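For reference, the structure discussed in these notes is given below.
No value in this document is a laboratory result; all are computed from the given coordinates. Quick caveat, the model's predicted, so the values are computed rather than measured. Cβ placement follows ideal geometry from the backbone for every residue including glycine, while neighbour counts extend to all protein chains displayed.
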Amino acid sequence: MKNIGLLLLVGLMLSHTMLYSQATGFSLSSAKDLNTTLNENSGLEYCRGKLWTHNDSGSGPKIYSINPNDGSILQTITLEGITNKDWEDLAADGYYLYIADTGNNSNGARTDLVIYKINLDDIPLMNDATIPNNKIDSIRFYYPEQGLTPTPVASNETEYDCEAILIRNDIIHLFTKDWTSASYGYGTTEYLLPNIPHPTGDKYPAKLFHRHDNIGFLVTGADNAGVNQVVLVGYQNVVPGDHYVRVYSGFQGDDISSGKIYPTRLGTALEFGQVEAVCFGENPFEGYISNEKFEQYVSLIPMTITIPAKVKPFTISYNNAADTTQITTGSAGGGIQGNIRYNSKRKHIEGFNGLYWIPLVVQ
C-alpha cells in the first residue's frame, strides 16, 4: 500500500492527537517500533498465542510472528511456490490462517484475486519453516459486478480494492477499500466467500452482502471477536489524513450495522503514520493496531517527516454497563453450569451447559 501522499502544512505538525469516543473508551498503549523488515506491514492476526503479520506488494511470501512488547521478529514462515502480489490482511478461525492477496488499487482490474489458507498445525511452535505448496489452499474469486475481465481505471480510483478480511461462522467477510467513496463520506462494501477452495478450482463470484455508507474513512483492516463484535480501522485520504477505528457490538446474525457502533478518532497521519491493520488479542476487549513506515515531504519547512512502522496495543471499555458482557478467557476444560467464557482459539463466546462448552449468542 502506498503512502497517503498528502501535502501537509506546517500547522499540522503541531497538532495534538485527540482521542475521543461517542460511547466507548478506546485507548492505545505505548507503541513499539517494528523490525525494519516489516516497514511495509499490512496485516495482523492473533491466534494460538502468537501475533502474526506480513508485508504487502513487492515482498516475499512470508508471514512473521512478532513480539508486541518490542517489535522484534520471533519466527518467519515462508509459503512455497506462492507470490505476494499484494497481500493485505490476515484472518484466523482457530484451525486455519487466511492470507488475503486482495490488494487491487493500482487499476482495479486484477484477475488473480485469491485468499490463501494454511493449517495452523503446519506451523511449528518455534523456529523458521517453509509450508510446502501442496499444503496451501487457494480460494480464488472475482467481483461479479466487474465480471471476469474488469476494465482498468486510474490508480486509487476503484471500488474493488480490499485490505480487510475476517472470518465468522466459516464464512470469509471482505470489506472493500472504496476509493470512489471519499467524496460522499467514505464507505465500504462487505462481500462474502466460502472458506474452502472452489470444488473445481474455479473462481467464486464474491457475494455482495451489505453496503456500509458514511463510515468516515477508507477501510484498511478488520477483525472480529466473540460472536458479535467487529472492529474496522482506516484513514481519510485528504488533509490532514485523519485515522479512525470503528467498533461494532451487540449485533445479531451477520449484519454488523444492526447493533451499536462506536467510532473513535485516532489522530492524523503525522501522528499515527498510516494505519494498515487491526486484530483482537487474547480477549474481545484488547488487541493491536499496526502502521507501515510513513514518510512525507513538507515543502514549507522544508523537511521529510518519518514515522517508523509500529505496533500499538489497544483496549476497549464500554461506558454503558448494559453494553458490557462479563466473560473470561480460556480454550479448554470444564466449568460451572451457567458460566460463560471467551474461547481465544475459536474466537467466540461459549456457555457451559453442565456437560459441554457450546457457542453462545450474547444478547
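Listed values, structure above:
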item	result
Segment 190-262 shape via C-alpha gyration tensor axes, a/c threshold 1.5	oblate
For segment 140-280: rounded, prolate or oblate by the Cα gyration tensor [a/c cutoff 1.5]	oblate
Exposure proxy ranking, count of Cβ atoms within 10 Å, fewest first, for Met126, Met303	Met126, Met303
Mean Cβ neighbour count within 10 Å, used as a protection proxy, ranking 279-285, 69-75, 228-234 highest first	228-234, 279-285, 69-75
For Tyr318, distant residues with modelled amide H under 5 Å away	Gly25
Sequence of Ile115, Ile139 once ranked by neighbouring C-beta atoms within 10 Å, starting from the fewest	Ile139, Ile115
Karplus-derived HN-Hα couplings along segment 209-221 (A = 6.51, B = -1.76, C = 1.60, θ = phi - 60°), whole Hz, x at Gly and Pro	9, 7, 9, 10, 9, 6, 8, x, 6, 7, 7, 10, x
Normalised convex hull volume, segment 10-324, alpha-carbon set, Å³ per residue	131 Å³
Within segment 148-225: Cβ-based charge dipole about Cα centre, in debye rounded to nearest 20 (Lys, Arg +1; Asp, Glu -1)	160 debye
Amide hydrogen neighbours beyond the local backbone of Cys47, cut-off 5 Å, H modeled	Trp52
